[in-house]
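Chemist: One structure, as structure tokens, below. Some questions next.
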Amino acid sequence: MNAILFVLIGLQLITLEYNKNFFIIGLLAIPIILCSRYLAIRVPQLLLRKWINLDRKAIFLMTWGGLRGGLSIAMALSLKYAEQKDMFVFVTYIVVLFSIMVQGLSMGKLARSFYPAKPAEAKD
């Protein structure tokens, strides 16, 4: 279903009216979304730190690992015709592309750098 959704998105993008401002808004949305996700994780963690013990690395990993995808684009595409629908779809697509290409591809390497595997104990 996800593959079909992305094919439909590709077809929909052909019909969108492109505007360089949409691209700029999409690039500005990325750090805003990452900061929002960080706060959505950090604030409850601070309030519940008596019961939930997370280090800063774990919070950063959860922030970076908050991948967005098909559902966001499907919701943007489901908007009824509106003056700003093209902008919503384009900006959402930029954020999802960043999420998949940058966050998704770097997640494993980031996790390994934060939490390197402990060497196996030597057996005699």
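Chemist: Under a no-solvent Debye model with one identical scatterer per Cα of the chain, what's log10 I(q)/I(0) at q = 0.11, 0.13, 0.21, 0.22 Å⁻¹?
Modeler: -0.52, -0.67, -1.19, -1.25
Chemist: Another question, then. So for the range 55-124, what are the equivalent ellipsoid semi-axes in whole Å, largest first, each being the square root of 5 times an eigenvalue of the Cα gyration tensor?
Modeler: Largest first, the range 55-124 gives 39, 10, 9 Å.
Chemist: Keeping to pairs on different chains or 8 or more places apart, tell me how many lysine pairs in the chain have Cα atoms under 24 Å apart.
Modeler: Lysine pairs meeting both conditions in the chain amount to 5.
Chemist: Follow-up question, since we're still on this one. I'm checking a number: the convex hull volume of the Cα atoms of the range 35-89, normalised per residue, in Å³. What is it?
Modeler: 106 Å³
Chemist: With bins 10 Å wide starting at 0, give me the P(r) of the range 1-71 over every alpha carbon pair, in whole percents.
Modeler: Here the calculated profile for the range 1-71 is 16, 31, 29, 17, 7, 0.
Every number in this text was worked out from the coordinates using simple rules, so none of it is lab data. Note that the structure is predicted; figures quoted are calculated from it, not measured.
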